[in-house]
Amino acid sequence: MNQTLEDKVAIIRENIQAGRADLLEVAGSFRADFESGHTVYIYVETYDNSITARFETREKETDKRQHDIDTLRDVLVKEIGFADISEFVEVQSSNNRYVYTARVDIDESVFFHETIVMEGNKTDSAEIFSVQEAKQESVPDLFEVKAEKSVDLSPIEAALERLETIDAKMLRQSLDMMNLKRSSNVRMALTRIFRSAEDAEELTLSIQNEAKKLISRNDHEDLRMIKTINADGFLEPVIELLSESVFGRDLNT
């Protein structure tokens with residue numbers, strides 16, 4: 001399936017939006033304000049048909065300016081790890097205003113991870129498991145939980161314990177393997193829950209808040225689908241708790 005540059009910008013936007021950045025739409029592009037204090041514009045560069053990340057600063061000292069650029073690139077790499085981000089290069093400087101740009105490239109394989117839709121808009125479980133099994137060979141540990149869950153842990157503590165064993169890259173791989181679209185509300189909910197998993201109380205509040213947003217039929221179908229697919233995976237406890245909250249049960253029952 002061919003994806004336009006606009007499609008790719010939309011995927012970048014959705015992933016950053018699932019994090020802790022403030023976004024502002026700007027005529028087909030967008031501006032992201034990160035907690036680090038850095039601001040970046042991401043847009044399609046028409047003259048060379050590419051996606052560009054643009055950073056502007058008035059910092060006069062070269063070393064401080066380079067530190068800001070390096071910090072921003074690290075943030076972008078973390079937020080959109082599925083993309084290749086070039087080094088920022090200076091493209092303009094005048095009146096104490098310095099402009100840097102970097103190229104953002106997304107591998108076409110990212111777009112393989114689409115929810116399989118069959119006749120009647122229903123997901124074919126056999127197809128999903130077939131794709132699931134094929135991909136597990138390349139990342140065998142994603143769906144294997146070797147550590148036994150302590151019987152003394154509450155459900156929320158068990159979920160927190162599992163989340164503490166993974167990093168952002170493993171989370172993205174797992175969500176891809178479950179065939180969740182990049183634009184899926186359930187995918188973004190799980191990403192936000194993962195990032196807020198500092199302690200049991202924060203995790204509980206995050207699950208409850210995200211559950212309130214999952215109200216559409218598609219959201220519910222996605223949630224039921226991944227609950228089946230991830231029955232033995234490290235995301236199983238948090239998916240179970242999210243499902244209980246979405247479908248009307250208290251997390252503590």
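Please treat every number below as a calculation from the coordinates, not as lab data. Everything quoted here is computed from the prediction, not taken from an experiment. Because the Cβ atoms are built from the backbone with ideal geometry, glycine has one as well, and the counts that use them run over all protein chains shown.
Per-structure values
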item	result
Spatial extent of the range 5-107: Rg and Dmax, with the Cα atoms as the point set, Å	13.0, 38
When each of Lys169/Lys227; Lys64/Lys181; Lys60/Lys169; Lys64/Lys213; Lys8/Lys60 is checked by Cα-Cα distance, pairs over 30 Å	Lys64/Lys181; Lys60/Lys169; Lys64/Lys213; Lys8/Lys60
Nearest-0.05 FRET efficiency for Val77 and Met170, computed from C-beta distance (R0 22 Å)	0.90
Distance between modelled label sites at Lys64 and Ser86, nm, 7 Å Cα→Cβ extension	2.9
Mean-position separation - Cα centroids, the range 209-248 and the range 168-208, in angstrom	10
